[in-house]
Structures are given as C-alpha cells and as structure tokens.
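First comes the structure, then the notes that go with it.
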Amino acid sequence: MKEEWRKLFQLFWTFFKIGPATFGGGFAMIPLIEREIVEKKKWIESEDVTDLFALAQSVPGAVAINSASFIGHKVGGVKGAVAAMIGVSLPTFLIVLTLGISYLFIHDNPKIEAAFVSIRATILAIIVYAAIKTIKTSIVDKTTFFIMLIGVPALFFIHPVLAIILGAVTGAISIFLKRKLGYKITPRKDKDKVTSYTSHDYFIGDGI
C-alpha cells in the first residue's frame with residue numbers, strides 16, 4: 001500500500017512539474033515527458049509516448065490533460081490517471097488564476113508585452129523540437145512517411161480529428177495489403193525478440 005501511494009505521489013509531482021510546459025499546448029510536454037517519464041523514471045517506452053499522444057489527440061478534451069490521464073493510467077491504473085490529471089492541471093490553474101487577477105494591472109506594460117512575444121517564440125521552438133522527437137518513433141517505413149507527407153498539408157483543409165481517423169484507416173489498410181502481398185508484419189514491441197527472418201519477412205519498419 002505504501003509503495004502504491006509513493007508511485008501515485010511520484011505521478012502527481014512529475015506532472016505537476018510538467019504542467020507549466022503546456023503554455024504552448026499539450027505537445028510542448030513531449031520533451032519533458034521524454035526526459036522525466038521515459039529516461040529518468042523508465043515508466044514507459046519512447047514509442048508509447050507517440051501512441052498515447054495520438055490517442056489523446058483523437059478524443060475530446062485538452063491534449064495535456066488527456067495525455068497525462070492516459071500515461072497515469074498506464075503506470076498506475078485509475079488512481080494513477082487521477083493523480084497525473086490533477087498534477088498537470090493544478091499548476092496551470094494556479095498560473096491562470098494569478099495572471100487573470102494581475103492582468104488588469106499589467107496588460108498595458110510594454111515590457112510585459114515584449115516578454116509574452118518572446119515566450120511565444122520559445123514555445124514554438126519547444127513544439128518543433130517535440131515534433132522532431134516524435135518523427136523518430138512515428139516515421140517507421142515508407143507508408144508512414146507518405147501518410148505524414150500528405151497529412152501535414154491536409155490539416156490546412158480538414159479537421160484534425162478527421163485527419164487522425166483517415167490516418168488510422170490508411171494504416172489499417174496498408175497492413176492488410178502488406179499481409180496479402182506476403183509480408184510478415186511483426187509488432188514493434190516484438191521486434192527485438194526476433195533474431196532472424198527470411199527475405200520475405202518484414203517488420204513494420206521494413207519493406208513497403
């Protein structure tokens with residue numbers, strides 16, 4: 001029981017520290033999640049972060065809260081999801097409350113305006129960095145590369161949720177066609193367990 005509460009507190013505290021990074025949106029969390037949860041705590045694999053963020057983006061609600069909930073649930077079940085959700089929400093709530101109270105007194109200050117312009121540029125850099133980190137685990141073969149190549153411009157014309165659904169359908173169809181063509185599709189997590197394969201056996205990241 002004590003170990004369970006310890007893990008719940010670790011989840012809460014970890015996401016409490018990550019919470020302020022959501023200034024630029026949920027995807028700004030990815031570098032911190034990589035550092036705190038994947039590298040330091042080793043609770044989940046780097047590839048899982050991409051999957052969880054894709055899932056968080058495909059359901060209603062804020063990406064940051066959804067992602068924290070999914071990761072918390074994976075690590076500590078329902079209690080872990082609640083601890084992570086409170087952890088990521090609380091600092092944001094306190095910051096917004098403080099800014100809301102003080103904004104009436106500082107919004108005309110040119111130094112404050114300049115600071116917010118710089119913050120926006122910094123957040124953009126964080127999101128670009130997060131995108132680069134995500135590409136390393138998301139673009140695993142030619143199929144996923146072309147999905148990304150088509151998906152980016154498509155987002156200017158269609159809703160993100162529709163883009164996610166189309167991406168999922170395209171992925172499912174591509175796996176079905178690869179199997180029909182005789183390619184052996186090995187789940188990513190089982191890839192390291194396979195020591196040899198024939199010229200007709202391909203991992204998801206190989207072949208087409």
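Brief remarks on what is shown
Yes/no matrix, rows are residues, columns are (1) among the polar types (S, T, N, Q); (2) more than 24 Å from Val59 (Cβ to Cβ); (3) at pLDDT 75 or above:
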| residue | (1), (2), (3) |
| --- | --- |
| Phe145 | no, yes, yes |
| Gly151 | no, no, yes |
| Phe156 | no, no, yes |
| Arg179 | no, yes, yes |
| Lys184 | no, yes, no |
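- Looking only at segment 133-143, and only at residues there that are more than 21 Å from Ile33 (Cα to Cα) and either assigned to a helix (DSSP H, G or I) or at pLDDT 80 or above (or both), the one that is least open to solvent (accessible area, probe 1.4 Å): Thr143
- In segment 14-28, the residue that is farthest from Ile95 (Cα to Cα) out of those that are at pLDDT 75 or above and surrounded by 23 or more Cβ atoms within 10 Å (Cβ to Cβ) is Thr14.
- Answer from Ala163, Ala130, Ala172, Ala154 - the residue that is among the aliphatic types (A, V, I, L, M), more than 28 Å from Ile18 (Cβ to Cβ) and open to solvent by less than 50 Å² (accessible area, probe 1.4 Å): Ala154
The values are calculated or read from the model by the stated rules, or taken from the named source; none is laboratory data. Just so we're clear, the structure is a prediction, and the values are computed from it rather than from any experiment. Here the Cβ is made from the backbone with ideal geometry for all residues, glycine too, and neighbour counts use every protein chain on show. Only protein heavy atoms, including side chains, enter the accessible area calculation; ligands, DNA and RNA are left aside. Shrake-Rupley method; radii C 1.70, N 1.55, O 1.52, S 1.80 Å.
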